[in-house]
Every structure is written in structure tokens, then in C-alpha cells.
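Before any comments, here is the structure.
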Amino acid sequence: MAKWRDGLMKLRTYHRAQIAAVALIAPWMTGAAQAQQAEQAEGTASEGLREIIVTAQKRAENVQDTPLAITAIDAQAIEQRGITSVASLSGAAPNLVIAETPAATANPSISIRGIVDNDPILTADPAVGLYVDGVIVGRSAGALFDMMDLERVEVLRGPQGTLYGRNTTGGAVNLISAKPAKDFGARLQVGYGSFDEMTVKALLDTGVLGDTGLALKLGYFHSQRDGTVDNLLEPSNKRDPGARNTDAVRAAIRFDRGTGFTADYVYDYSDRNGRANAFQLRAIRPDILDYISFSPAFGGTAPQVSSERLSEVRLDRDGNVSDRVKGHALTLNLEIGDATLRSITGFRQWDNKIDGSDLDGNGGLLGVVAVPTFGVAPIDLFHTSNERHQKQFSQELNLIGSIGDEFEYVVGAYYFRERATEVNPQGFTAILPVGAVIPGATTLPIGPGITLNSIGLNLETLLAYRHVSRSAAAFSQLTWKPGGLDNRLSVTGGIRYTEDKKHLIQTSPTPPAPRELTRKFTRLNWLANISYQWTDDIMMICPLLSGPKLMIFWITKEIMNAEQEASPGRDYWQAA
């Protein structure tokens, strides 16, 4: 069934129509609001600007008083905009662009101020840090998971190398989930959208259980939709490119008896299945086009090449893409006089399997090949499958406090460890001049009226490796607010020392495999920031800061600089 929504396909998001909403205790916000490209993304209400408390600097403070390039999106704005996944955050803050990468359903490309690193290999670290309840998501691959019941989103622009550490050269995105409520409550929302999308979201708060100090919040989210482009070789819309079927659950437990000690545990799980977004040929070399144009003469399909977005493609190797993401986060807070001792422990795991992905949009082609055997055979310009796994553990300790009325400080230590594996078979048809395959020949007569100038070679390759990464850091930040100026002037200095170690074991392709590489390096990053609150609505910020970008093992070294084993870590600094 051909898709008639060609105009809608040019959009990454769409407005969602609400068809039912049931509120058992508290009302559920419905409707949609257009994204505002403004510093204060949540906008203004009729009673004035809503106060939003953020923790971008590890302490709770009004976003209006935070001397950072920051956008905060509160729960009301999140609900109005229908933000249910990392992808739907795109455009929610100035300079923030999030898009899905090719051949995947859960790999976002996150860009802030044009700084992005969307290489899908698991040895490449992101340029924008993504944090869930204070726990970093170590890979951009697998980070496009579904969310529910967020308290707020904080988007920090510019390097964040002091408090956040490595791989935040473009900035950081903090996702803060809602804490269990003190009172019992339940919510149910059902939605319907374009491409027959159906969503269900259910939330339950137990309230505080007696005098135990314990409260529990449970959530469930389901979303499904048809594909966004019609695959002519697939009769079911539910298996067309862009089709999705997602289930996600979340459980949060909070302990607080008012003694100065709190404990928050959050578990999240997302199971996403579907098809990767559609691929098509926009441009092609004349000799390759001439070769595949003979496909109908052999009983195959005609090639499709267009610079315009197509509503119909032919994908003969498009299979299911499965992403399972789960995470654990435990946050402990202990008040010690005027200071707070905080521990954030996190564990996250991502498992991905791509049964097949057709990357040329031209299924059903036939051509004359010389490898593996000579004759007419199916040809694929490029297709792939993949299996990837990643797990990580992180531990952070913070001491946050103040000295008198003029000094505020943060002291911390951080440890991170991850393991990642990838097995990525790839297949393609290499198209060469006839003379390169048959010495002395320039053309290849096949039959009446059919003479080939090129011949195909059906080839396969394999990318396989294991990667282990460790990072340890110590950091400190001090802010001085002179009382003589009514605390309007703020002078901040920060420093972070990081030690990183990467280990790669690559088994394919050959060359460069087999090989085993280990690299270790240290980095010192710093921050200097002066701000002045001229009025309650106007603040001047003059920051100068740096942020490290870690080295990358080039696992496809044969197409890179043959002299280079790994690219070294780099420092980025700017006045933001």
C-alpha cells in the first residue's frame, strides 16, 4: 500500500492527537504546544514565568540564577510537547538537534551548536553527554530509548569538562525522572498519531507507605506505528521502513524519613523492535548505473535513483532491528551540617541485533557476476547485519556545601568502566570494468543487444572486535559571591583531573586485524566563569572553559590513515 503522506515524511516528528485520557487522582495534561526556540523553553504562564529548580551544577538552584548557557524544560512543557523518547527532544532547546542514524532504530545523533560525533562504532565516544538521573549513557548507540514521567530536562550548551568530564565538548543533556509522590495517585493516557501510531502510558504512585518513609512509583509505556515509507517487496505496513513496536517499564523507590538521609533507586527497561529508516540512491556513478540498468533484461527489477525523497522503495534484505536497554541508578544523599554527601551508582546495559538492513533501496536487482561463481545472480550495492552489546558501571561521589554566605563548593570523584562487543557482517557488489576481471577484454557480450562494460563481484566482509574502557577522575569547583554586592557578582573556578585507559581486541577484518591495542592518557581540564546579575531578569555570563574528547581506535583502519593507530584525545575550549 503506497504511502500518501509524502509531506509528513519530510518531518522527523509529528503532532500527536489525543483520543482518550483518564485521570484517577490528578488531571493528565493533554494537547500539544509548539516548540519555542527560546532560552527558557518552558515559556511563560499567565501568572508569570514559572520557577524551575535545576541541578546542572550539582546543587539545587533556580534556572534564572544559574550562570550557564542552559535550557530547562519542566514536566508541564514535557507533557505538552509529547516528549516520550530521546529523539523527541530535538528542537526542544536552542541548538539541540537529535536524529536517528542509518541502519538502526535506537542510535541517535545528538548535536549541540553543531558539535556532533555520530560514528556508530563502539570505540567512538559521543561529543554530547547524555545523563539519566546523574548516570552517563556511555554510547550514543542504543541511547534512543523511550522515557516516561520525566520531572525535567536540562540542556547545557558548550564544554562541560569540570563537573561532567569527558565527552561533553558540545554540551550535556540531563534527563531527570520524577520522584515517587507522597500521596497515592494513578494516571492513564491513550494516544493516536500519524502512521497509525498508538500509544499507552500508565503510571501508579503508592504514596508513602505508613511510617516507613518508603514510596513507590511504577510506569508502563507502549508505542507502535506503521512504517513511514512503503517497501514494495514487503506486503505488511508493520514491517515497512520506520515501523516501531516498543514496550518500556520503569520503577522508582524513594526512602525519606526526614532524618537528613534519602535514598532513590530507579530501574528502567525499554524493548524496541522495528525496521530501520528507509534508504534510497540519490546519486550514482554513470558506469554503475549502466551496469544495474541491465537488471530488467535478466528478469530483475529496474533501478531507482532519485534526488527527491521517495515514498516507495524496494528493500529485499530489510530485517527486524531489536534494541533492549535497561538501567539501574541508586542515589544516596546524607546531610552533614551545611554540606551534602552524595553517592550516584549506575549500571546500564544495551543489547542490539539487526537481522538485516538494505542500504541501497534497490532490492531485486540482477546482474552478471564473476564472484563467487560466473553467471547471472542477485546483486546488492550494500547490505549489512549486526549484533552489538554494551554494559557499563559508574560510581560518583560528591561533597556539596557552602562556607558562610559567600562561598559554595563541589568536590567529587568519579569512576567509569564499560565493555562493548560488535560483530558486523557486511555484503556488497563491487562493480569493475570487464578488463579488470577478464584480462584483454573491454566488453562482455551476453546476448542479442546486451553488451556489458562492467561486471560484478559479490563480496562479503566482517567487522568484529571487543572494547574495554576505564575512566577515573577527581574534580572541584568553587564559587565566590561577594556579600558587598548583594551576591549579584559570581566568580567560579573549577578543575578536573582525568585518567583514561582503552583496550581494543580486533579479530576482523584482515588487515588491520588481528591486533590488540592499549592506550592510556591523562588530562587536566579547567573552568573560569564570571557572571553578574544586573536585574532579576538580566544576567551577564563570561565563561572560559575546556572539555576533553577522548581518543578513538580506528577499527576500520584500512580506510583511514595507514600510519595512525588511534587518534589522540583533544582539548576543546571556548568562551560560551
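The values are calculated or read from the model by the stated rules, or taken from the named source; none is laboratory data. Since this is a predicted model, take the numbers as computed values, not measurements. Positions of Cβ are generated from backbone atoms using ideal geometry, with glycine treated the same way; all protein chains shown enter the neighbour counts. Ligands, DNA and RNA are excluded from the accessible area calculation, which covers all protein heavy atoms including side chains. Shrake-Rupley method; radii C 1.70, N 1.55, O 1.52, S 1.80 Å.
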The rounded separation in angstrom of the Cα centers of segment 467-543 and segment 302-351 is 23
GLU51 and ALA528 label points (each 7 Å along its Cα→Cβ direction) are spaced in nm at 3.5
Sorted by accessible surface (1.4 Å probe, heavy atoms of the protein chains only), largest first, THR507, THR212 come out as THR507, THR212
Highest mean packing first, using Cβ neighbours within 10 angstrom, the peptides 355-368, 397-410 sort as 355-368, 397-410
Plugging the Cβ-Cβ distance of ILE541 and ASP211 into 1/(1 + (r/R0)^6) at R0 = 56 Å yields, to the nearest 0.05, a FRET efficiency of 0.75
Stretched fully, the stretch from ILE284 through ALA60 gains (0.36 nm per residue minus C-alpha distance, one decimal, in nm) 75.2 nm
Across all Cα atoms of segment 182-566, Rg and the largest Cα-Cα distance (Dmax), in Å, are 29.1, 95
For segment 182-566, percent of DSSP beta bridges that are antiparallel (nearest 5) comes out at 95
To the nearest 0.05, the calculated FRET efficiency linking SER293 and GLU460 through their beta-carbon distance, R0 being 30 Å, is 0.75
Counting only protein heavy atoms and rolling a 1.4 Å probe, one gets per residue an accessible area for segment 182-566 in Å² of 47
Here, LEU341 and ASP247, labelled 7 Å along Cα→Cβ, have an inter-label distance in nm of 4.2
Mean Cβ-within-10 Å packing, highest first, puts peptides 187-193, 347-353, 166-172, 279-285 in the order 166-172, 347-353, 187-193, 279-285
The distance between the Cα centres of segment 191-227 and segment 408-458, in whole Å, is 43
Of every hundred units of 1.4 Å-probe accessible area on segment 132-291, the number belonging to carbon and sulfur atoms, as a percent, is 59
Hull volume per residue for segment 382-522, using the convex hull of the C-alpha atoms, in Å³ is 209
